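Below: the structure, in structure tokens.
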Amino acid sequence: MKTPNLEYSNKGGFLWPPIADALDTFLRRQVAGADPFERIWRLIHVWEATEITLALASLALVQQDEDKSEIFRRQREFFYGKSWDPVTESFKEIHGAVDGAIDQWINILDELSKAGGLRGRFLPSLQAFLKSGAVNVGPLVKAWARTCDVPSDYQEQGIVEVRLAMRYINSFRNRLAHVPFPHDPLAEVSDALETATEQLFSVEPVPTSHEKGGASSPLTGALRIGSCFLHGGSLESIPNVNDTKVSFVFPCQKKEPPEVWSAGVLVHIDPMMRPHVLTRVKGLDVCEYTRFRAEANAVLVVPEAGIASRIPTPEKKEYLVMEPISEEAPAQAHVTTLPEALESIRSGDFDTGISFFSSLVQQRPEYHVGWLRLGHAKREKAARIVATAPEDARELLTDALENLAKASEHIDPSYKALAHYERSKTYYRLARLDGNVDGFMIKAKDEASAAANISTERKYQTWMEHLTSYGRATDQSPLTAIKN
């Protein structure tokens, strides 16, 4: 099939080298008559090289802007797979980008797409690219559905933004890797994926040209180390450059002053001047770098690369909000301490946590975090007892709504959003318990929307999407509700 922008982009030599490596490999194998299954995987590598390269470049650049420290912190959470829970004051750990989770690389980009006040040339260009409604996923979803099931939240067909198309492709990739696909429909799937990839490389300004109209595609860029200037699949020399560290360069030009920022340990250039990008961290500071070429030994392992010093792991002290009054419980009320109360909630001893925070908020009614933790503990206890004591569960959920309403008055936007999120989940529990009387599901969606409007955290968007796809959910029994 015709893919002019893929071919012209490859010939132009302006693409970031890792993206160019993946694209050139696909085009060569396509000309050589590779079967549909191989073509699909080569195209998936194009998308992954794009996502990882753009995410790494944005991480390195956002880190330099002190005004974007909150965005950088969120990106680091996705990078390492560490999510902070302010209720229990602890981290929840899942697979991060450094564990090979492509969805986390996409989350890093998605976080940038929601940011405001981006400066320079690369970040605004990347944000516009990610938010461009340019990829028609309809043909891919239809072909995909003929081979195996499509997740319910990915059945929407039509033109979507680039950042959402990335999620479609990654979800498809995971299905392809773990579900036995029949061979016959693969040619149709391959054609659909080629079309989607062609559309990705057709977003204006197209990467087939350079600085057209004074703008450049974020798919284009260069790497610089010493006097070597790597762009596309080419290497040129630059006079009078003594810096021996690897740098990102955007736009892809040598003469006029471009935007240049340190790549550090995020990119590795081997002795043959072949670029590799960070794709995984194993053990203690052991980094894996990948070159997206169809060649032997495409992955290099570099011990003691220094990734922790370049991209710091999120730490507890970054999330703690200093309260004006000590959080110690009144001595005459009970002897439980705050750390013990938090640990009791984490371990499922909700009665201890409820008792502690009930007493604490009586003494300090303006302590919004205390109301948040109290409401959270009541909702979690209700979820545990709903099958055996539905009336008690209903009372706890009703109380939790009142507690969380007070928590939503917190001046800090992150805590305010979390309170709305917790209220949404409480209404959801009530809808499952009482068959959606009083419009509980509608209220759950309203609270979820309020949280998503305050904060760009992905979990609020995901929860809103879950409520939208779930529907009314009024025919479930309490036993089914607790399992969900």
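What follows is calculated from the coordinates using simple rules that are stated; it is not laboratory data. No experiment lies behind these values; they were computed from the predicted model shown. Positions of Cβ are backbone-derived with ideal geometry, glycine not excepted, and every protein chain shown enters the neighbour counts.
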Nearest-0.05 FRET efficiency for Glu256 and Asp285 at R0 = 60 Å, using Cβ-Cβ distance, is 0.95
Let a ≥ b ≥ c be the square roots of the eigenvalues of the Cα gyration tensor of the chain; is it rounded (a/c under 1.5), or, if not, prolate (a/b larger than b/c) or oblate? prolate
Quick check: the angle from helix 162-178's long axis to the longest principal axis of the chain, C-alpha only, nearest 10 degrees? 90
If amide H atoms are built 1.01 Å from N in the plane of the peptide, which residues on other chains or at least 5 residues away come under 5 Å of the amide H of Arg280? Glu288
Using Cα positions and a limit of under 16 Å, work out the aspartates and glutamates in reach of Lys378, with same-chain residues fewer than 8 apart set aside. Glu343, Asp349, Asp351, Glu391, Asp392, Glu395, Asp399, Glu402, Glu422
Against the longest alpha carbon principal axis of the chain, how many degrees, from 0 to 90 and to the nearest 10, is the axis of helix 413-434 turned? 70
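How big is D for the stretch 4-200, in µm² s⁻¹ as a whole number, if Stokes-Einstein is applied with the Kirkwood radius of its Cα pairs at 4 °C and 1.567 mPa s?
On the way: Rh = 17.8 Å.
So the translational diffusion coefficient is about 73 µm²/s.
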So between Lys131 and Thr398, what do we pick up on full extension, going 0.36 nm a residue minus the alpha carbon distance? 92.1 nm
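Students often get this wrong, so check it: of Lys416/Lys459; Lys82/Lys317; Lys68/Lys92, which have C-alpha atoms separated by over 19 Å? Mind dumping the intermediate values first?
Working: Lys416/Lys459 15 Å; Lys82/Lys317 14 Å; Lys68/Lys92 23 Å.
Long pairs (Cα-Cα over 19 Å): Lys68/Lys92.
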Could you grab the relative contact order for the chain? Cα pairs under 8 Å, six or more apart, rounded to a whole percent. 14
Could you tell me how many degrees, from 0 to 90 and to the nearest 10, lie between the Cα long axis of helix 368-385 and the main elongation axis, the longest principal axis, of the Cα atoms of the chain? 80
Just to verify a number: FRET efficiency for Ser237 and Ile442, C-beta to C-beta distance, R0 = 56 Å, to 0.05? 0.30
Residue-wise, which Karplus ³J(HN,Hα) couplings in Hz belong to the stretch 70-75, taking 6.51 cos²θ - 1.76 cosθ + 1.60, θ = phi - 60°, and x for glycine or proline? 5, 5, 4, 5, 5, 4
Roughly speaking, what is the stretch gain from Asp349 to Glu304, that is 0.36 nm per residue apart minus the C-alpha to C-alpha distance, in nm to one decimal? 12.0 nm
What are the ³J(HN,Hα) couplings of the stretch 193-205, residue after residue, when phi is run through the Karplus curve with 6.51, -1.76, 1.60 and θ = phi - 60°? Round to Hz, x for glycine and proline. 5, 4, 4, 4, 5, 4, 5, 4, 8, 10, 5, 6, x
Assuming R0 = 30 Å, can you tell me the calculated FRET efficiency for the pair Val31 and Lys459, based on Cβ-Cβ distance, to the nearest 0.05? 0.10
Using a/c under 1.5 as the rounded threshold, could you call the stretch 33-114 rounded, prolate or oblate? The axes a ≥ b ≥ c are square roots of the C-alpha gyration tensor eigenvalues, and prolate needs a/b larger than b/c, oblate otherwise. oblate
Please sort 54-61, 126-133 by packing, taking for each peptide the average over its residues of neighbouring beta carbons within 10 angstrom, highest first. 54-61, 126-133
Read phi for every residue in the stretch 445-450 and hand back ³J(HN,Hα) as whole Hz from Karplus 6.51 cos²θ - 1.76 cosθ + 1.60, θ = phi - 60°, with x for Gly and Pro. 5, 4, 5, 5, 5, 4
Sum of -39500 (n - 2.57) over DSSP H runs of 4+, divided by residues of the chain (222 nm, nearest 500): -16000 deg cm²/dmol
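Once you have a ≥ b ≥ c as the square roots of the Cα gyration tensor eigenvalues for the stretch 338-483, tell me rounded if a/c is under 1.5, and otherwise prolate or oblate according to whether a/b is larger than b/c. Write out the running numbers ahead of the final one.
Numbers: a/c = 1.92, a/b = 1.18, b/c = 1.63.
Note, shape of the stretch 338-483 comes out oblate.
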For Thr220, which sequence-distant residues (separation of 5 or more, or a different chain) have an amide H within less than 5 Å of its own amide H, given hydrogens modelled in the peptide plane? Trp16
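Considering only the other residues whose Cβ falls under 12 Å of the Cβ of Ser83, what net charge follows from Lys and Arg at +1 and Asp and Glu at -1? Walk me through the intermediate numbers first.
Details: positive: Arg73, Arg74, Arg76, Lys82, Lys92, Arg458, Lys459; negative: Glu77, Asp85, Glu93, Glu457.
Surrounding charge for Ser83 is +3.
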Taking the Cα centre of the chain as the origin and placing charges on Cβ (Lys, Arg +1; Asp, Glu -1), which of Phe72, Ala407, Ala382 is farthest toward the positive end of the dipole? Phe72
Counting only C-alpha contacts under 8 Å and six or more residues apart, can you give the relative contact order of the stretch 225-303 as a whole percent? 16
